[in-house]
Structure formats: C-alpha cells, structure tokens
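The values are calculated or read from the model by the stated rules, or taken from the named source; none is laboratory data. All values derive from a computational prediction rather than experimental measurement. Cβ sites come from the backbone with ideal geometry, for glycine too, and all protein chains shown count toward neighbours. For the accessible areas, the whole protein counts, side chains as well, though only heavy atoms, and no ligand, DNA or RNA atoms are used. Shrake-Rupley method; radii C 1.70, N 1.55, O 1.52, S 1.80 Å.
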Amino acid sequence: MSAAQAAPAPAHAAAQRGDLVTTLGQQGSFKTLAAALQATDLIATLEGDGPFTVLAPTDAAFAKLGQAALNQLLANPDQLKSILLYHVVPGNVSLRQALRAGEAKTVNGAAVDFTFSRKGFFVNDARIVRPNVRASNGIIHVIDSVLLPPAPAQEPQDIVSIAVADDRFETLVAALKAADLVSVLQGEGPFTVFAPTDDAFAKLGNDTIQALLADKEKLSSILLYHVVAGAAVDAATASQLNEAATANGQKVKISFEKGMLKINDSLVIIKDIKASNGIIHVIDTVLIPE
C-alpha cells in the first residue's frame, strides 16, 4: 500500500508531529531550503496553523541550479520568495489527491501539474521522491528539482511602444514624431495599423524621406492613410474585405492573392501583431494616398 493510501494516523500521533519547518529540519537534507526560507522570512509562515502542502526540494535539487544561481537568488529575496511560494499549496493535499486533481494552485498564484508515468510521480518536471511526509500543520512531498514559476504574463504594449521596441520601424517612429501622431496612436483606439518597415521607407529614397519629414501636413496625411480607426481588424477578417476607410479619409484596397494579404500594392509580410489598443500588420511598401 502506498503512502497516499495508508490509513490515517491516530489523533494523538498527529499531535506529536512537529510543524513543517521542524519536520524538514529533522530530515537532514533540506539545509538550502531552510536557508532560503530564513532569507525570505517564510519560517514563521510555515510554522503557522496552515495547513500547507510543501513541495520540498532537497539540497541536491538546489545544487542542480549551480552555486552562482543560488547566490544570486539568496541575494534577491523578492525573486526567491516568489519561487519558494511556488512550492507551497494551501491545504493538506496528499499525493493521491494531487494526482486525481491533476494540478494545484500554489500560494505564488501559478499552478503546478501532477502526473504519473512509468518513471514515477511528478510535479511539473520534478520527480516526487518521497510523498506524504506528515507534519502537524501540513504535508510534505520531497522533490528532486527546484520548481521555477512561469514568467508573469505581460500586459500588451500600445502600438507606438511596440514600434519603438522593434528596430525595423525606426523610420516609422521618426515619422510619427515629426507628424505629432505619437499620442494619437497611444490612445485608446482601437486602431489597425499597416506599418511599413525601414526597408519599405527606403524604397522612397532618402531625399523623399527627408522632404516628407520636413512637411508635417503631407507626412501626417500619408501616415494616417496607414491607419484604420475604430477597429482592430485581424488578417483573417481583412481577407474577407475589399477595402477599408482610413483615418486619412481615403480608402485602401484589400486583396488576398496566392495566400498573401495585400493592402493596395503592398504585401503584408507579418500579420496580427496584437497591441493593447489595436493590431499591427507589417507591410513591405509605403502606402501613398491619391
């Protein structure tokens, strides 16, 4: 019979158990974990009422990270605390219960997955080498690797921020600044922007580019001809359309030829870059209004 299936211990035996921190200390192979808990002021938490389920990496598990990485984590309590809380699940969750559920949400906020294969029991990619170690305020599952939480999802950036961060749009960004359109495309939108690359602008020639940068009104008219206001139109939707009204006041022609989306005579070379205030389609030629 596995530890997950064993009959519960009598109440007086449970009362004699130490808390999670004491129980880990008695095992003799969690010195690094103890130091990490101390560095992040989590000792008192795991000595509290709980109950908690702790996925406890051994010293050998921490050693896999390398000494340099360990030192860096110990010097960064906030990051270390986030990692440690990814090893703590609220409540008493036995291995059997964990496998039945398939996953569990940790105190970190992210979830861990529990699986079983011929190679053993696993939480994410860490093998559970000793399950169901009971403590007075919870349960411990000993694991052979440190669990690293997924990176937090980043909020999407606005259209201008995406363009600024991409070195293929240096000319476009310079043009938006010269035409005082930066704040417009940082607004709520939504907008659909057909964004010419630097190579697309280069087709115009440097003299033309410099002349446009010096002519705010004409430059603004051209740039607004690349913007559809009031809608974030993805490529799949655009391929069903024949035309779209731009913020310039004129319309662009939309076609779908040989698997490629075209705006006037310009090819969409990258589609559906999502922004917080719209969507970007990268084009290979600057659109010139009539």
- In the stretch 210-245, residue farthest from ILE263 (Cα to Cα) [restricted to those that are of a type in the set (Val, Ile, Thr) and modelled with pLDDT of 95 or more]: ILE222
- Task: Please specify each residue of the stretch 181-198 satisfying the condition of being of a type in the set (D, E, K, R) and within 24 Å of the chain's Cα centre (by Cα).
- Result: GLU188
- Query: Is there any pair with a first residue in the stretch 34-46 that is without any contact (Cβ under 8 Å) to a residue 12 or more places away in the chain and a second that is not in a helix (DSSP H, G or I) whose Cβ atoms are under 9 Å apart and which are 6 or more apart or on different chains, and what are they?
  - Reply: THR45/PHE52; THR45/VAL88; THR45/VAL107
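Quick grid of which residues meet (1) more than 29 Å from ALA214 (Cα to Cα); (2) modelled with pLDDT under 95:
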position: HIS141; (1), (2): yes, no
position: SER145; (1), (2): yes, yes
position: ALA153; (1), (2): yes, yes
position: ALA175; (1), (2): no, no
position: ALA178; (1), (2): no, no
position: PHE191; (1), (2): no, no
- Query: For the stretch 46-69, how many residues meet the condition of being open to solvent by 20 Å² or more (accessible area, probe 1.4 Å) and either farther than 13 Å from ASP19 by Cα or in contact with a strand residue (DSSP E or B) (Cβ under 8 Å, 6 or more places away or on another chain) (or both)?
  - Reply: 13
- Residue identified as at pLDDT below 90, part of a helix (DSSP H, G or I) and surrounded by 14 or more Cβ atoms within 10 Å (Cβ to Cβ) among LEU73, LEU80: LEU73
- Specify which of the listed residues (GLY91, GLY28, GLY102, GLY48) is modelled with pLDDT of 90 or more, over 28 Å from the mean Cα position of the chain (by Cα) and over 15 Å from LEU148 (Cα atoms). GLY48
- Query: Does VAL88 meet the test of being in contact with a Phe, Trp or Tyr (Cβ under 6 Å, 6 or more places away or on another chain), buried (at least 19 other Cβ atoms within 10 Å of the Cβ) and not basic (Lys, Arg)?
  - Reply: yes
- In the stretch 35-63, residues that are closer than 20 Å to VAL123 by Cβ and not β-branched (Val, Ile, Thr) total 15
- What is the residue count in the stretch 155-167 for residues that are closer than 27 Å to THR208 by Cβ and either in contact with a Cys (Cβ under 8 Å, 6 or more places away or on another chain) or surrounded by fewer than 16 Cβ atoms within 10 Å (Cβ to Cβ) (or both)? 2
- Only unsatisfied item for SER255, checking (1) in contact with a Ser or Thr (Cβ under 8 Å, 6 or more places away or on another chain); (2) free of Cβ contacts under 8 Å to residues at least 24 places away in the same chain; (3) among the hydroxyl-bearing types (Ser, Thr, Tyr), is (1)
- Out of LEU267, LEU204, report the one residue that is outside any helix (DSSP H, G or I) and free of Cβ contacts under 8 Å to residues at least 24 places away in the same chain. LEU267
